[in-house]
Amino acid sequence: MLYRLFFLIAALVGVLSASAVATEVDEDQPGGWYMVFFSKDLAGSRLGFQGDIQYRTWDGGSDLEQLLIRGGLTYRPRALPGKYTLGLANITSGQFGDSKQTRTEDRTYQEALISQNVAERVYLKHRMRLEQRWVNGQDFRTRFRYALFANVPLNQPDLSPGAWYLALYNEIFINGERNIGDGKEVDYYDRNRFYAALGYRFSDAGQIQAGYMQQHTNAVNKGQLQLSLHYSL
């Protein structure tokens with residue numbers, strides 16, 4: 001009886017260990033993020049809207065990392081520089097590997113986006129975003145994000161149609177709470193993203209970018225190939 005119990009426990013441990021290894025994220029395999037960003041300033045008004053749809057994969061193909069759908073109402077005040085947004089987002093996150101299990105998250109967010117020119121040819125944007133997060137299976141959470149974007153035209157002095165440009169950004173994420181429920185904790189540092197891409201402005205309304213983003217968290221340090229369309233309606 002003890003002999004059989006020993007082998008049953010050993011087999012169960014082996015199965016669990018194999019499952020853990022199979023689902024461990026492959027940091028050497030680049031993922032793929034495919035994104036559409038859109039915005040619209042309403043005629044005769046300081047209001048508008050913006051949003052994005054992002055399909056993120058672990059392997060560049062069909063292994064879902066995240067499907068993100070986000071949108072918000074924008075406002076450009078007379079007394080302040082920049083554009084300010086109140087928005088909502090829905091995120092479906094998948095697990096690495098063969099598992100089809102997903103986790104859902106709903107967010108509200110507030111954002112400030114402020115533009116700045118440096119040395120005539122460097123176009124900067126500062127984005128500050130505060131998120132309120134309802135992650136399935138976790139307590140209510142908040143997170144602060146700061147991103148610095150830089151676009152530098154390469155073949156002409158500005159970003160008018162026909163411009164090829166270098167696109168860079170760095171974004172840091174800071175958690176508002178450590179306790180996320182069920183006895184689990186996270187660090188205040190959530191993640192950092194660094195991105196570099198080649199962009200092309202094909203019209204007054206649109207541009208495309210293709211590049212690479214390195215994302216660092218306490219659990220995973222993984223690269224992502226990115227392709228994005230940015231369009232003003």
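The values are calculated or read from the model by the stated rules, or taken from the named source; none is laboratory data. The structure displayed is predicted, hence computed values, not measured ones. Every residue, glycine as well, gets a Cβ built from its backbone with ideal geometry; the counts of neighbours run over all protein chains shown.
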List the pairs whose first member sits in the range 92-112 and is assigned to a strand (DSSP E or B), whose second member is among the aromatic types (Phe, Trp, Tyr), and whose Cβ atoms are under 8 Å apart, counting only residues at least 6 apart or on separate chains?
GLY94/TRP58; GLU105/TRP134; ASP106/TRP134; ARG107/TRP134; GLN110/TYR84; GLU111/TYR84; ALA112/TYR84
The number of residues in the range 182-224 that are modelled with pLDDT of 95 or more, out of contact with any Lys or Arg (no Cβ under 9 Å at 6 or more places or on another chain) and within 21 Å of ASP28 (Cα to Cα) is 11
Would you tally the residues in the range 111-133 being within 12 Å of GLY82 (Cβ to Cβ), buried (at least 16 other Cβ atoms within 10 Å of the Cβ) and not aliphatic (A, V, I, L, M)?
3
